Structures are given as C-alpha cells and as structure tokens.
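The values are calculated or read from the model by the stated rules, or taken from the named source; none is laboratory data. Here the structure is a predicted model, which is why all the values come from computation and not from measurement. Because the Cβ atoms are built from the backbone with ideal geometry, glycine has one as well, and the counts that use them run over all protein chains shown. These area figures cover heavy atoms from the full protein model, side chains too; ligands, DNA and RNA do not enter into them. Shrake-Rupley method; radii C 1.70, N 1.55, O 1.52, S 1.80 Å.
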Amino acid sequence: MSDPQIGRRALLRGAGGLAALAALPSLAACGTGTSRSASTGTGGKGGGKTVVVRDSGGSYGAALQKAIYTPFTQETGIGVKVLNLDDAPLLAQIKQGRPQCDLINNSMMSHQKYVKQDALEALDPGRLKSLKSAKIPGAQVTEHAIGHSFYGQCIAYRTDAFDGRKPESWADFWDTKAFQGGRAMVSPDGDLPELEFALLADGVPVDKLYPLDVDRAFKVLTRLRGDIKKFWDSGPLPGVLLSRQEVTMSTVWDGRIADLQKQGVPVERQLNGMRRQFSGYAIAKGAANVDGAYQLMDFALRAESQAALAKAFPSNPSSPVAYAKLTEDERNALAGAPKYYDEGFDTDIEWWLKNEAAVTKRWLEWARG
C-alpha cells in the first residue's frame, strides 16, 4: 500500500468483514504484505533487540524511515523492522496470539475497530513521557491508541476558473451558478462519504454537525448530484480531474495540493470546514516486544520527531509544539498550522463506527439513482 489513506480505507469497509477474516487460520500464517529491515541495531541501550512496526509503506514509509526509524535506532540501539501488512491478516494473527508486529501505525478509527475485537494492549501513559512535553491533545489520547498526525479533507479549486473570485466555504462548493463548472467528490472506496460537507453547505454550524442528520445531508447532496462529474477513489484522482479541467472544484486530501502546485497546475485549497482524521500508534495484543513498542511510540510522539516527519511528508502533527519547530513557510504549508486549525473539525469516530455501513449502502443507492 503506497498511500496511507488507501491503507486506512481497507479497514474502514466494515468490522464485520474483519471479524470473519480473523477467523480464517490460513490468513494468520500467510504474512500478507511486504517487510523491510530499517536497521538491525546492535549494542547500545537497545541491547540488539528489534521492534517491529506496521505502516502503510510507499512515500509515507520512506518518510517515516528518514524522520523516525533511523534516528530512533541511532539514539537507542534498537533496530526497527517494518511490515507493510494489511489489516485483516494482522488482526487474524493477533486473534491467534502471534502478531508479526509490535507497534501498529494506523488510523484512529481503525484502532477503534481493533479495540472492539480485543486486539490491542491497554496503554500505560506513564511510559510515554512525550505525551506531556508534546502536549498531545486529550481527544487523541485514548486507552489503546495515541494520535500522532492527521490528514484533512478539504476543497481544491482551479484559481483560473472564477474570474479571480475564491470559494470560501462549502456553500460556495454547492453554488454552481456563482462558481461554475463540474465537481468531484469521494466515493466510499476512497474515504468516508462526505455528509458533513453537505450539512455545512446547508448552514449547519460546525459544532452542531454530530450526530449527522443523514436525511438532510442526502437532500443537500441531491441538489449537487447533476454537477458531480466523478466520484474519486484514490488520492491522485482529484488532481488529475483538476489538471484536465474536467472539474473546477473537488474534495481532496490536503497533502495533495502541494504536489499539484509543484506540477504547475493552477490550484489552491480552501480549508474552511476541513474534516480531520487522525492516525495513531497502538500496541498489538500479545506483542513480542512491548518495551520496544513503547520506546518507539514515545520517540515518534516527540514534538521534534513529528516536526521532522512533517518536513519529509505532508503530515500534520498532532502536537501543537511541533509547529513551532518548523519555519513559517513549512508551518503554513500544513493544514494543521495554528492559523488554520480552528477552521476545521475532528471526525466523530464513534458516530461513523455505528453508522458507516448504513450510510455507505444508502450512498451507493443514491449515486446509482
């Protein structure tokens, strides 16, 4: 999996499916995915031990290697082995008491699904000194997982499409008279259905979004349905559609905008009403190296480590302290910068865990209709 968001969606298609997969013993033994040894690590504080971490690989994995794993080994002497393992076989391994990895880097929503299947260790906050120094937000400190970064879903638009005018809200995204042109939105294969954006466009205050009014959201989506030219299911697709001028606005993962701009595409982002989804660290139930997992988690949660990762990858640190360790340009390029943060909102994970299956079913019927 080369894209962390795609890796996240592989699990979000339903806890029921994972439960069924976990019951298959063949999956536990197959070792689905790839692995790479970041460092063997000998001597030093680590005593030659190795900690195994699951991440989604690709450019994100390369950034983690540079910003987190290599510095961690240099400081502690503990080697890091990385597995790009799909969620279903990993969960199957945990359920059988023999997980291949110790530390899991995944979405906080995915971690909640693991919790419901008793697949994660309860954390001891006292073993994570960086929680206090990095000032990790309380909402991202749960009993079984700690949020280290987020990605934002926001508006991307062509700057040459509206005679110099700039869309400022989701209401503008829906206003195809003032802001003409086609639109693109996500499909459930790419991310959670974008009900929140429809409600914001209809005037619901950001602090009153949840619980989502599903009927109202679909009514608002229907108003735009004829102007939606494509439902995207992968991170690069909004950029392709904007580049080809097939649409003038699209929902997008915020980290994709910089890539488009480097390619010379006249696009900009609008972060007002951005939906934040956090990723975090958790320890696999029955992990072979719990001590190493705590040490790597603690290192990765440091403000310095989060800032280093943000320099290597468009990752928005959960630590507010991390942003002060970046230059002004580096900081303001991130959707998590203090100047933008209050414009967005956190996804209500519990609401989506309860309602995703029903909403997705209704979305598919609506999209076909």
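Annotations for the structure displayed:
- If the condition is being charged (D, E, K, R), at pLDDT 95 or above and open to solvent by 70 Å² or more (accessible area, probe 1.4 Å), then the range 108-138 contributes 118, 124, 127, 129, 132, 135.
- Only helices (runs of 4 or more DSSP H) whose full extent lies in the range 319-358 are considered here, and the ones with at least 2 residues that are surrounded by 17 or more Cβ atoms within 10 Å (Cβ to Cβ) and in contact with a helix residue (DSSP H, G or I) (Cβ under 9 Å, 6 or more places away or on another chain) are 320-323, 338-341.
- Residue under evaluation residue 239, criteria (1) open to solvent by less than 10 Å² (accessible area, probe 1.4 Å); (2) assigned to a loop (DSSP other than H, G, I, E, B), criterion not met: (2)
- Qualifying residue in the range 264-279 (condition: charged (D, E, K, R) and open to solvent by less than 10 Å² (accessible area, probe 1.4 Å)): yes
- Among the residues of the range 270-317, just one is in contact with a helix residue (DSSP H, G or I) (Cβ under 6 Å, 6 or more places away or on another chain), hydroxyl-bearing (Ser, Thr, Tyr), closer than 24 Å to residue 124 by Cα and not in a helix (DSSP H, G or I), namely 281.
- Answer from 150, 173, 218, 162 - the residue that is among the aromatic types (Phe, Trp, Tyr) and either in a loop (DSSP other than H, G, I, E, B) or at positive phi (or both): 162
- Residue satisfying all of: in the range 82-105; over 20 Å from the mean Cα position of the chain (by Cα) and among the small types (Gly, Ala, Ser); least open to solvent (accessible area, probe 1.4 Å) among these: 92
- Of residues in the range 201-226 being surrounded by 15 or more Cβ atoms within 10 Å (Cβ to Cβ) and of a type in the set (D, E, K, R), the one farthest from the chain's Cα centre (by Cα): 202
- Residue count for the range 251-263 satisfying the condition of being open to solvent by 60 Å² or more (accessible area, probe 1.4 Å) and over 18 Å from the mean Cα position of the chain (by Cα): 3.
- Some residue of the range 178-191 being in contact (Cβ under 8 Å) with a residue 40 or more places away in the chain, closer than 21 Å to residue 366 by Cα, surrounded by 14 or more Cβ atoms within 10 Å (Cβ to Cβ) and of a type in the set (Val, Ile, Thr): yes
- Odd one out for residue 74 among (1) crowded, with 21+ Cβ neighbours inside 10 Å; (2) at pLDDT 95 or above; (3) assigned to a helix (DSSP H, G or I); (4) not basic (Lys, Arg): (1)
- Single residue of the range 177-190 satisfying the filter (charged (D, E, K, R) and out of contact with any helix residue (DSSP H, G or I) (no Cβ under 6 Å at 6 or more places or on another chain)) that is nearest to residue 235 (Cα to Cα): 189
- Qualifying positions in the range 52-71 - under 21 Å from residue 303 (Cβ atoms), crowded, with 22+ Cβ neighbours inside 10 Å and either modelled with pLDDT of 95 or more or charged (D, E, K, R) (or both): 53, 55, 64, 67, 68, 69
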